[in-house]
Structure formats: structure tokens, C-alpha cells
Amino acid sequence: MKLELVPFTPVTFVDSVTCTLKAIPAAMNVSYLIKGDLGQICWPDDVQSSDNLWEHTCFEFFIASMDNERYYEFNQSSSGAWACYEFSRYRTDMTVSETIVTNNFLLSLDENTCQVDLEVAFPHTDDFQLGLSVVLEDQNAKLHYFSLSHPLEKPDFHAREHFAPVNKATLLQELP
């Protein structure tokens, strides 16, 4: 399943941001691909804390059940630092969680292409919602926001209106 992420406001140095979901045995690969003039982006490589990773270049996804308001937010920095949070409902009762962890993180970067691969255990449900987003910090410390959509007046990756429905069984059928 390939999905295009769109910018909240136009970004001249980014040509495209896509995310591909693939089933791998017992897990899901979430792969981000960014193309453009990537020398314009700050890539954190020495992060001291896993808090507030979204304040710099960061790859994010949100996993939610189809039948309740609970959801998880996962943040991955290019430095390798990561964090996972659990919410009882929209931006409420945030707690640090280790429910969603990546088994593997791989970053491949050159001046025109960045690929990030995360291996994540499937949720325990066949149908779930997935929010995908990327925050890019440019050389002027300005943040640029990419997600599946931007349904509100400001970027808000927690808004379930832009989450995509995913069927685990369908992804598993695509296994080679």
C-alpha cells in the first residue's frame, strides 16, 4: 500500500514524500521516501532525549483501533532516538508507552533521497487506522509538516480525519 503525504504549506525544496506499507512475517514495514533538495533539511544526529522529537525532523505514525478512541503515536528521529505515546482519546491522557516499538530502523540518505524503514509489530486487530506524517526542519529552523491530509486550519497529526483505514489481512495477502 503506497500513500502520498502532502505538505501543509508548499515546500519548494521537497519534490515528494511517500510512505509504503508492506507486510513482513509477523510485522509491518513502514517505509518513508523523501525526494528533493535534501541539503536544505536539518537531520538531527545527536539527540539527548526522546521527548519532543517532533520539534525537529521526525518521522511519525499513529495507530488507532477502528472501534474505540484510544491511539498510539510513534516518533522516530533520524538520530535513531524514538518515542511512543498512548492516548485515551484525542490528545487526552498522554502517557509514555512501549506498546509500539520498532524492531528495526534503517536510514538511507543522500543529497536527493531519504529513505527510512521501520519494522513494527502489527496491532492485535485486523482493521485499524494509520496516520502517517513527517516533520522536516529546514536550515532556517522552520518546520514543514507532511501528512495524508490536513483537515484543520493548522497541522494536527492527531486528527483522525486524516488517518487511513488499513486491513491487516489484505496486507498479509500481499506477502511474496
Practice problem: Would you check which residues across the stretch 19-30 are buried (at least 17 other Cβ atoms within 10 Å of the Cβ) and closer than 18 Å to residue 146 by Cα and list them? | Solution: 19, 21, 30
Practice problem: Kindly check whether there is at least one residue in the stretch 118-126 that is modelled with pLDDT of 90 or more and within 27 Å of residue 9 (Cβ to Cβ). | Solution: yes
Quiz item: Taking the stretch 1-36 as the region of interest, how many residues are over 15 Å from residue 106 (Cα atoms) and among the hydroxyl-bearing types (Ser, Thr, Tyr)?
Solution: 4
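Rundown of residues vs (1) under 17 Å from residue 54 (Cα atoms); (2) crowded, with 17+ Cβ neighbours inside 10 Å, yes/no style:
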site: 96; (1), (2): yes, no
site: 121; (1), (2): no, no
site: 128; (1), (2): no, yes
site: 142; (1), (2): yes, no
site: 145; (1), (2): yes, yes
site: 152; (1), (2): no, no
site: 157; (1), (2): yes, yes
Quiz item: Within the stretch 152-167, can one find any residue that is in contact with a helix residue (DSSP H, G or I) (Cβ under 8 Å, 6 or more places away or on another chain), not β-branched (Val, Ile, Thr) and not in a loop (DSSP other than H, G, I, E, B)?
Solution: no
Quiz item: Of all residues in the stretch 36-80, which are buried (at least 20 other Cβ atoms within 10 Å of the Cβ), in contact with a helix residue (DSSP H, G or I) (Cβ under 9 Å, 6 or more places away or on another chain) and free of Cβ contacts under 8 Å to residues at least 60 places away in the same chain?
Solution: 75, 76, 77
Quiz item: From 148, 136, which residue is closer than 13 Å to residue 59 by Cβ and under 13 Å from the mean Cα position of the chain (by Cα)?
Solution: 136
Quiz item: Looking at the stretch 120-133, which of its residues are part of a loop (DSSP other than H, G, I, E, B) and farther than 12 Å from residue 63 by Cβ?
Solution: 126
Quiz item: Considering only residues of the stretch 86-96 that are in contact with a strand residue (DSSP E or B) (Cβ under 7 Å, 6 or more places away or on another chain) and not in a loop (DSSP other than H, G, I, E, B), which is farthest from residue 31 (Cα to Cα)?
Solution: 95
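For residue 117, are the conditions met, namely being within 29 Å of residue 37 (Cα to Cα), of a type outside the set (Lys, Arg) and in a loop (DSSP other than H, G, I, E, B)?
Criteria not met by residue 117.
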Self-check item: Which numbered condition residue 89 fails, given (1) farther than 29 Å from residue 42 by Cα; (2) basic (Lys, Arg); (3) in contact (Cβ under 8 Å) with a residue 60 or more places away in the chain
Solution: (3)
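The values are calculated or read from the model by the stated rules, or taken from the named source; none is laboratory data. What you see is a predicted model, and the numbers here were worked out from it, not measured in a lab. Please note: Cβ atoms are built from the backbone with ideal geometry, for glycine as well, and neighbour counts cover all protein chains shown.
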